[in-house]
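No value in this document is a laboratory result; all are computed from the given coordinates. Computed from a predicted model, the values in this text were never measured in an experiment. Methodologically, a virtual Cβ is constructed for each residue, glycine included, from the backbone with ideal geometry; neighbour enumeration extends over all protein chains shown.
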Amino acid sequence: MRQAIIRLVQVAALLSFVGAATVLAQQSSGAAGGLVTFQEILEGLKEDGSKWLTFGGNFANHRFSPLTQITPDNVNRLQPQWTFQTATVGNFETTTLLRDNVLYVTGPLNVAWALDARSGRQIWRYRRELPLTGLTACCGLVNRGFGILGDKLFMTTLDAHLLALDAKTGAVVWDATLEDYRTGYAATIAPIIAKDKVIVGVAGGEYGIRGFLEAYDANTGKRAWRFYTIPGPGEPGHNTWSGDSWKTGGAGIWVTGAYDPELNLLYYGTGNPGPDYHSGSREGDNLYSDSIVAVDADSGKLRWHYQFTPHDVHDYDSTQVPILADLTINGQARKTVMFANRNGFFYTLDRTNGRLLVAKTYVNTTWAKEIDAQGRPILLPGQTPDEKGEFTCPDALGATNFWQPSFDPRTQVFYVTAREACATFFGYETPFVPGQRFTGGAQQLVNRADNRPSGAIRALDPKTVELKWEFKLPTPSRAGILTTASNLLFSGDNEGNIFALDSRNGKQLWRYQMGANLHGTSPITYMVDGRQHILVPSGTTLTAWALGDVPRGTGQN
């Protein structure tokens, strides 16, 4: 019944917004000026706060800003400067981009806007004409943001296309089909740019797709390469799928990865194998599901992989945001990729070769005891779902998920929005029908007096997974995290508050009730006319904050 109600709401929302693709172009002196170069994106966030040009702020996904005008001492003077109401339904899961004082933002149902960063005034709007039937986006009709290069913005769509829009007008420049949406494919990922290529992946792991990551020429929209996350016959790893189960194995890529331009490697987490819960339908490790894959950006060839959860039967997608950093571990300098995983373990890997350096739990985890010397989880008994049900922690939503962590490169602390939750998992054989959900079971969240779901912002040392501090939340949150060089951390709770913490100790300094929560995204920060702004996407409203003279909000729990 619950799924039917959700689907009815989604269909009603879709019917209310489909129609001809709409572009409302209003030329403005704030419209983008010169072409965005790859070198600009490569530079990441600058101290002048004038740009935010990629999903994570930089290719390493730090979500750490060098801005310092807003500090622990004055953050309680934040006041709203403007609010933009989108007139859509659903939730923002977008990361807004900024250049030349213009904000570029995507929203639910593939609506997108260019806004004046000073006032929130709409410059143009684009709306994708979506099909009335056949969309299969499993977990919300959302979009996670633009990529930008030259004079173009790049956006994936719910009907599995990749669009290039003119940054000045919002007009479609080219339109590339990723796959047939009627067979279970969708796309919600924010593209990233690698040199002259636009990198995207597909969603649909709950519909028996064969996942892939691919690259398109930014100028022409021509596909450059495709990397399948499930090896076909004759390819390494194909024997980790029993029978023909590889054909419907899932392993989508629906959260933006990281890029190391020096190594020219892309790092992406892959989704769960399909069906999600029924073990007997796909015996074997099921490569490259629930893995991180390192792919050459020029050719799409796999350099290395590390599988976090072999033969996953708990829907533990590894589609969390990877973060890159150079760390000294056991006295040796390492180029690392860090991953707070949905399965309850935190991993630090050598990003040159995939070698495991650190792996420890950061939430209560009952399906595996630890990770062995070969990098495989040591499984605990009684953790395979069946028709009677089995109790496991974490639940299917995981220890964390698609919302963004943050990393402070000065202190080398990793910040993550963590969940403590358990579930009863059920597994049973389900026939595959193209275009229909193919999960092979379900979960029931456990919420009782001795096992209440909870949440926290946790500060971790990625070299040891030592907990530096935590800020407990009333209930589990799906908000991402932004940190700044003034020792501030911005995030939100499930009750609709945005808050600021001291990133050194987790002390709450300020909060404000937004009326809707941050869902799968975090604020960004930028400078306009010498004033630092915090841009907050809550529900389907954008609100820009800057310092005023009078304290607002509260520092109390």
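Numbers for the structure displayed
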read-out	value
Between segment 296-346 and segment 163-180, the Cα center-to-center distance that results, in Å	31 Å
Net charge contributed by nearby residues that have their C-beta within less than 12 Å of Asp493 (K/R +1, D/E -1)	+2
Two-site FRET efficiency, Asp450 against Glu495, from Cβ-Cβ distance with R₀ of 35 Å, rounded to 0.05	0.90
For Leu542, Leu67, order by how many other beta-carbon atoms lie within 10 Å, fewest first	Leu67, Leu542
Point-charge dipole on Cβ atoms (K/R +1, D/E -1) for segment 188-288, about Cα centre, debye to 20	300 debye
Cα pair count fraction exceeding 18 Å, expressed as % - segment 144-253	49 percent
Equivalent ellipsoid semi-axes - Cα gyration tensor, segment 446-557, angstrom	25, 18, 13
Surrounding net charge for His161, when Lys and Arg each add one and Asp and Glu each subtract one, Cβ distance under 10 Å	-2
Summed side-chain charge close to Gln69 - residues other than Gln69 whose Cβ falls under 13 Å, Lys, Arg +1, Asp, Glu -1	-2
Lys/Arg +1, Asp/Glu -1 at C-beta; the chain dipole; positive extreme among Leu178, Phe414, Ala112	Ala112
The chain: relative contact order in percent, alpha carbon pairs under 8 Å with at least 6 residues between	14 percent
Residue (of Ala294, Phe438, Ala164) at the positive-pole extreme of the chain, dipole from beta-carbon charges	Ala164
Dipole of the chain, positive end: most advanced residue of Ala485, Phe425, Ala399 [Cβ charges, Cα centre]	Ala485
Length added when fully stretched, Tyr428-Lys301, from 0.36 nm per residue minus Cα-Cα	42.2 nm
Computed [θ] at 222 nm, helices only, for the chain once each DSSP H run of length n ≥ 4 contributes -39500 (n - 2.57)	-1000 deg cm²/dmol
Dipole magnitude of the chain about its Cα centre (Cβ charges: Lys, Arg +1; Asp, Glu -1), debye to nearest 20	820 debye
For segment 2-547, radius of gyration divided by Kirkwood radius, i.e. Rg to Rh on alpha-carbons	0.94
Gain in span if fully extended, Asp326 to Glu43, counting 0.36 nm per residue against the direct Cα distance	100.2 nm
Per residue Cα convex hull volume in Å³ - calculated over segment 445-487	120 Å³
Per-residue ³J(HN,Hα) for segment 511-516, Karplus 6.51 cos²θ - 1.76 cosθ + 1.60, θ = phi - 60°, Hz, x for Gly and Pro	8, 8, 7, 8, x, 7
Ranking of Leu35, Leu488 by count of other Cβ atoms within 10 Å, fewest first	Leu35, Leu488
